[in-house]
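Coordinate-derived values only; no laboratory data. Since the model is a prediction, treat every value here as computed from it, not as a measurement. Cβ atoms come from the backbone with ideal geometry, glycine included; neighbour counts cover every protein chain shown.
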Amino acid sequence: MYDFAYQKPGSLADAVKLLSGDAEAKALAGGQTFIPVLKQRLNKPSTVVDLAKLGLSGITVSGNTVTIGAMTTHATIASNPEIKAKIPGLAYQASQIGDEAVRHRGTMGGSLANNDPAACYPSAVLALGGTIKTDRRSVAADDFFQGMFTTALEPDEIITSIELPIPEKSAYEKFRNPASRYAIVGVFVAKFASGVRLAITGASQDGVFRHTEMEKALSANFSPDAIAGIVTPPDGLNGDIHASAEYRAHLIGVVSRRAVAKAA
């Protein structure tokens, strides 16, 4: 690693001040992506700002909304009884991220801020039509994810919580890399009274995206058969040593039908 200063502020205001006062400063949440990047010397921060003392963890349910603190770990989300009851697809998704050690350190806010194209949470937040709350504003999920490793966040902006509407039904399925457990293709489906939202991660070169053709079909008939004939073109999909673009296109159909079957 490169040398860097380490700060662990006790307030959100102090954390923002540290980040805004130094263009090379970087925030640290759970560190499950950031620490490996430092080890590989792919990032050279002047200061690491640890967010652990800001009190940004916890899960609350109010009316038809679940609010999750940005520093809430995957393990906490996976085991929370209210998440299991209200958004079972999210609880299952969190239980499938990495291994046990990763789930006890990694955070939802850190994952969303990084927006890895194969990360799981972006598909849930996008499919649920969630809202990302920061230290200064609210950003709809449809506007937050802007491409591979790119979000609407400013360099000194900190995610504080995520608000998720409670759907009638939800489910997540992924075809995962057996070593890293990242999604080669992951699908989150959420059924609301107003219609269905379905988001896909791991497949596209631009990161998470909504499959609007499937959403339209499922809003009319929420069953795997409704999307059985929908073919996703391989254009713009990832192709690597794990799966070609054509195979990922095929998997989108297979995994989407499995997700809908599980939800239904």
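For the reader, a short list of remarks on this structure follows.
- Local charge for A264 was computed over the other residues whose Cβ lies under 12 Å away, with Lys and Arg +1 and Asp and Glu -1, and equals +3.
- Listed peptides 174-184, 118-128 by packing density, highest first (mean Cβ within 10 Å): 118-128, 174-184
- Whichever lysines have a C-alpha closer than 22 Å to that of K8, once near sequence neighbours (fewer than 8 apart) are set aside: K17, K26, K39, K44, K53, K133
- Once exposed loop GluC sites (Glu not before Pro) are cut out (DSSP; at most 14 other Cβ, 10 Å), longest piece of the chain: 25-167
- The stretch between D3 and V37 holds 10.9 nm of extra length on full extension. This uses 0.36 nm per residue minus the Cα-Cα distance.
- Convex hull (Cα only) mean projected area of the chain, reported in nm² to one decimal: 13.4 nm²
- If only the Cβ of Lys and Arg carry +1 and only the Cβ of Asp and Glu carry -1, the dipole of the chain around its Cα centre is close to 620 debye.
- Percent breakdown of C-alpha pair distances by 10 Å bin, ordered from the shortest bin, for segment 5-50: 29, 55, 16, 0
- Theoretical FRET efficiency, 1/(1+(r/R0)^6), r = Cβ-Cβ of D99 and T47, R0 30 Å, to 0.05: 0.50
- Considering only L56, A29, M71, and ranking their Cα positions along the charge dipole of segment 7-72 that arises from unit charges at the beta-carbon of Lys, Arg, Asp and Glu, the one farthest toward the positive end is A29.
- Charge dipole of segment 210-252 about the Cα centre (unit charges at C-beta), most positive-ward option of L218, I241, I252: L218
- Length available on full extension from A140 to S219: 0.36 nm per residue minus the Cα-Cα distance, which gives 26.3 nm.
- Largest GNM mean-square fluctuation across K39, K216, K133, computed for the chain with C-alpha springs under 10 Å, falls on K39.
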